[in-house]
Amino acid sequence: MQQKYKHILRFLWINTVAAVIAPVVGWALSPHVTLRSLLVTFGFSFLHSQVIGGLAAYIVPKVERLLAPLHPVLHWLLFIVSLVTLGAVGCVLVAAVILTFHLIPLAVYRDEFFIILKICVVVTLQIGIVAKIYGGMRSRLDQTTLELRGKELERERALKLATEARLASLTSRVHPHFLFNTLNSISSLIQEDPQRADRLVERMAALLRFSLDSAQSGLVPLADEIKITTDYLEIEKARFGARLGYHLDVPDDLLRMEVPPLSVQTLVENSVKYAISPIRAGGEIHIAARRNGAGILLEVGDTGPGFDISKIPAGHGLDNLQSRLAVVFGEKSRLTSTSHDGRSAVVINIPQTKGKA
């Protein structure tokens with residue numbers, strides 16, 4: 001409603017300006033015009049402009065909506081016809097007012113009517129066409145601005161979620177239990193297997209560095225994601241020993257495909273927490289990637305009891321991952337879960353990205 005009134009006021013303002021310009025131009029071209037005749041000319045110009053402008057402000061938006069589905073050529077043709085009609089009808093209405101109140105004698109006005117009619121139609125066409133072009137440009141500009149704002153908001157949300165994922169990952173790395181268990185594993189290996197202890201320190205450093213740097217990019221090569229996931233698993237394997245087994249099934253031709261950082265690692269960490277740690281006998285984690293059209297499917301399975309992906313609580317690592325997927329890929333990417341024959345798995349559908357196989 002507010003936009004409608006703005007549209008009406010804009011039309012009236014433009015026509016008022018036209019009403020002012022007309023007598024001023026006439027006075028400039030004819031210096032002998034008196035002030036009285038100038039005021040009379042302004043009065044009649046103002047009357048014409050307000051009547052025609054008022055009609056146009058009310059009718060043109062309705063005409064625009066009716067003509068919107070038509071071909072552009074037909075749209076413009078009928079729009080021009082409507083402006084000519086408005087100018088003519090408005091001029092006739094003003095003539096009726098002038099003659100009804102005897103503002104100008106009929107004999108005088110009759111001789112001038114067709115000249116005034118032509119002027120009204122021409123001015124209505126000029127103002128209507130200019131206003132339509134301006135409105136179209138303004139509408140496209142507003143639409144572009146909204147799209148840019150929407151993209152900026154999505155980008156900010158993606159960065160926020162990536163930062164939250166990074167912080168969540170980093171928090172889990174510096175969690176006292178994780179650090180204590182890792183350092184304890186390293187210390188126990190220093191005498192027994194110093195080379196392996198050294199590799200664990202390197203993996204720990206790489207994991208912390210990746211957690212810090214992952215928010216700088218929306219996507220990372222699958223090779224980097226698999227590398228950091230392997231580092232994480234080797235650290236945990238030093239803690240769980242034979243209780244933790246894992247297997248990778250990732251073809252080399254998919255390693256250049258791009259995925260959200262810490263996506264596979266988040267699924268693996270979830271498996272360690274719920275399928276390995278609480279079970280005395282431990283279990284096995286299976287990480288696989290396969291083509292899915294132009295994209296890929298990433299699957300992390302384990303020997304745990306499984307869960308319903310739709311019941312993930314807010315703030316959970318998988319909930320954050322699901323939100324990040326939605327921001328980056330929209331509805332094209334999602335998490336799904338399966339459970340059968342004593343094994344469960346979570347699958348990520350990644351659509352085509354910039355990475356080439």
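Observations
- Residue within the range 75-95 that is in contact with an Asp or Glu (Cβ under 8 Å, 6 or more places away or on another chain), part of a helix (DSSP H, G or I) and not aliphatic (A, V, I, L, M) present: yes
- Residue pairs meeting the criteria (Cβ under 9 Å; at least 6 apart or on separate chains; first among the acidic types (D, E), in the range 331-351; second surrounded by fewer than 16 Cβ atoms within 10 Å (Cβ to Cβ)): none
- If only residues of the range 171-184 that are of a type in the set (A, V, I, L, M, F, W, C) and open to solvent by 70 Å² or more (accessible area, probe 1.4 Å) are counted, the one that is modelled with the lowest pLDDT is V174.
- Every residue from the range 309-322 that is within 14 Å of S333 (Cβ to Cβ) and open to solvent by 30 Å² or more (accessible area, probe 1.4 Å): Q322
- Selection of the range 252-269 for residues being at pLDDT 90 or above and either within 16 Å of V300 (Cβ to Cβ) or touching a Gly at 6+ places or on another chain (Cβ under 7 Å) (or both) yields L254, R256, M257, E258, V259, V264, L267, V268.
- Close pairs (6 angstrom Cβ cut-off, 6 or more residues apart or separate chains): farther than 13 Å from Q265 by Cα and part of a strand (DSSP E or B) in the range 280-291, of a type outside the set (V, I, T) and open to solvent by 10 Å² or more (accessible area, probe 1.4 Å) anywhere: G283/D302; E284/G245; R290/L297
- The range 96-144: number of residues that are over 17 Å from S49 (Cα atoms), in a helix (DSSP H, G or I) and of a type outside the set (D, E): 19
- Scanning the range 225-268 for residues that are open to solvent by less than 50 Å² (accessible area, probe 1.4 Å) and of a type in the set (D, E) gives E225, D231, E234, E236, E258.
- Within the range 68-89, the set of residues being open to solvent by 40 Å² or more (accessible area, probe 1.4 Å), over 15 Å from V123 (Cα atoms) and of a type outside the set (A, V, I, L, M) comprises P69, H71, P72, W76.
- Identity of the residue in the range 185-224, aliphatic (A, V, I, L, M), modelled with pLDDT under 90 and open to solvent by 30 Å² or more (accessible area, probe 1.4 Å), that ends up nearest to G295 (Cα to Cα): L219
- Taken over the range 312-348, the criterion of being more than 18 Å from G283 (Cβ to Cβ) and part of a strand (DSSP E or B) is satisfied by L335, T336, V347, I348.
- Filtering R65, R36 for residues that are open to solvent by 30 Å² or more (accessible area, probe 1.4 Å), among the basic types (K, R), under 14 Å from K132 (Cβ atoms) and free of Cβ contacts under 8 Å to residues at least 24 places away in the same chain leaves a single hit, R65.
- Close pairs from the range 294-322: first at positive phi, partner outside any loop (DSSP other than H, G, I, E, B) and crowded, with 20+ Cβ neighbours inside 10 Å, Cβ under 8 Å, at least 6 apart: G306/S344
- So L161, is it aliphatic (A, V, I, L, M) and at pLDDT below 75: yes
- Unmet requirement for T338, which otherwise passes all of (1) within 23 Å of A158 (Cβ to Cβ); (2) open to solvent by 60 Å² or more (accessible area, probe 1.4 Å): (1)
The values are calculated or read from the model by the stated rules, or taken from the named source; none is laboratory data. Since this is a predicted model, take the numbers as computed values, not measurements. All Cβ positions, glycine included, derive from the backbone under ideal geometry; neighbour counts span all protein chains shown. Remember, those area values only see protein heavy atoms, side chains included, never the ligands or the DNA or RNA. Shrake-Rupley method; radii C 1.70, N 1.55, O 1.52, S 1.80 Å.
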